[in-house]
1. How many of the residues in segment 51-63 are touching a helix residue (DSSP H, G or I) at 6+ places or on another chain (Cβ under 8 Å) and at pLDDT below 90?
2. List every residue pair whose Cβ atoms lie under 9 Å apart, where the two residues are 6 or more positions apart in sequence or sit on different chains, the first residue falls within segment 39-54 and is in contact (Cβ under 8 Å) with a residue 24 or more places away in the chain and at negative phi, and the second residue, located anywhere, is part of a strand (DSSP E or B) and surrounded by fewer than 17 Cβ atoms within 10 Å (Cβ to Cβ).
């Protein structure tokens with residue numbers, strides 16, 4: 001259950017994240033419009049939940065703040 005709690009916290013930090021649970025699965029939608037992405041995993045699959053956390057926190061769907069954008073430029 002700890003990874004699931006961490007996923008909830010990771011989503012709570014984002015304005016563009018929607019998390020819902022349905023029939024034993026957790027679903028997370030991040031981004032807006034054509035650039036949005038939905039991730040899904042079974043609630044008891046800790047490995048898959050950790051992969052979602054990794055992707056939305058540090059991966060391709062992580063938020064970039066203005067300081068990171070200036071560094072990249």
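The values are calculated or read from the model by the stated rules, or taken from the named source; none is laboratory data. Just so you know, these numbers come straight off a predicted model, no measurement behind them. Note that each Cβ is placed from the backbone with ideal geometry, even for glycine, and that neighbours are counted across all protein chains shown.
1. Matching residues across segment 51-63 total 2.
2. Going by the 9 Å Cβ cut-off, the qualifying pairs are 43/21; 43/25; 49/42; 52/40.
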